[in-house]
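Contents: one structure, followed by commentary.
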Amino acid sequence: MAEVVPSELIDGVYIITPQVFDDDRGFFVETYRREWIPKSSREMLQANRGDRQAGCVVGLHYHLHQADYWYVPFGTVRVVLHDLRVGSPTEGGTIETNLDGIDHRGLFIPPGVAHGFASLTDATITYLVDSYYNSSDELGVAWDDPEINAEWGVASPVLSKRDANNPLLKNIENHLRPSYGLRN
């Protein structure tokens with residue numbers, strides 16, 4: 001049975017530690033079950049995989065309507081989450097945690113929570129999403145925003161053009177700020 005722990009820092013975020021079955025042949029791990037996420041009301045519809053080199057930073061991204069579930073089967077990433085949801089009891093809360101191919105923890109991220117990761121090693125990240133890709137729901141905030149003040153764990157990050165140009169939190173227009181409770 002998996003251990004499901006709700007975050008005290010950001011409402012709606014869950015950290016899942018699944019049971020690992022191993023023997024002389026290797027191991028087996030169940031990485032996701034819908035029933036593990038108490039507030040999840042929709043099925044995950046799409047699975048994605050990203051392979052990243054050590055030193056890259058992806059994010060911070062956020063969605064108004066989409067939830068994510070992350071799992072890292074290989075390598076180590078530092079995950080940064082920040083609650084952008086206006087009216088959330090944890091608005092402004094930040095989480096920094098590592099996911100890796102050793103502990104096999106998963107992470108559920110509700111809509112409105114900015115999310116990103118730094119590859120501390122070469123890594124593979126898989127993520128499930130509960131809606132299909134929608135470019136109008138692909139939003140971002142600066143990875144190095146001083147208001148968020150995240151510790152990424154990399155000295156000279158490699159960024160995409162998109163991520164290098166994400167706006168500071170104070171410059172995000174009100175209609176692009178998520179509201180708490182719309183679709184957690």
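Some values worked out for this structure:
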read-out	value
Count - residues of the stretch 123-140 that are among the polar types (S, T, N, Q) and either under 10 Å from the mean Cα position of the chain (by Cα) or at pLDDT below 95 (or both)	4
Test: residue in the stretch 95-106 that is touching a His at 6+ places or on another chain (Cβ under 9 Å), surrounded by fewer than 23 Cβ atoms within 10 Å (Cβ to Cβ) and of a type outside the set (Asp, Glu)	yes
Cβ-Cβ under 6 Å pairs, at least 6 apart or on other chains, the stretch 24-35 side without any contact (Cβ under 8 Å) to a residue 40 or more places away in the chain, far side surrounded by 13 or more Cβ atoms within 10 Å (Cβ to Cβ)	30/18
Output for the stretch 83-105, where each listed residue is under 19 Å from residue 128 (Cα atoms), out of contact with any Pro (no Cβ under 7 Å at 6 or more places or on another chain) and of a type outside the set (Asp, Glu)	97, 98, 99, 105
Of all residues making up the stretch 16-67, the number that are part of a strand (DSSP E or B) and hydroxyl-bearing (Ser, Thr, Tyr)	2
Count of the stretch 71-103 residues which are in a strand (DSSP E or B) and more than 17 Å from residue 143 (Cα to Cα)	8
Any chance residue 154 is out of contact with any Asp or Glu (no Cβ under 7 Å at 6 or more places or on another chain), surrounded by 12 or more Cβ atoms within 10 Å (Cβ to Cβ), touching a residue at least 60 places away in the same chain (Cβ under 8 Å) and more than 11 Å from residue 60 (Cβ to Cβ)	yes
Selection count, the stretch 15-69, where residues are surrounded by 14 or more Cβ atoms within 10 Å (Cβ to Cβ), more than 13 Å from the chain's Cα centre (by Cα), under 23 Å from residue 132 (Cβ atoms) and aliphatic (A, V, I, L, M)	3
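The rows are residues; the columns are (1) modelled with pLDDT of 95 or more; (2) of a type outside the set (Ser, Thr, Tyr); (3) under 26 Å from residue 169 (Cβ atoms).
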site	(1), (2), (3)
51	yes, yes, no
73	yes, yes, no
78	yes, yes, yes
82	yes, yes, yes
94	yes, no, yes
101	no, yes, no
109	yes, yes, yes
121	yes, no, no
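The values are calculated or read from the model by the stated rules, or taken from the named source; none is laboratory data. On a predicted model such as this, the values are computed, not experimentally measured, just so you know. Don't worry about glycine lacking a Cβ; one is built from the backbone with ideal geometry, like all the others, and counts go over all protein chains shown.
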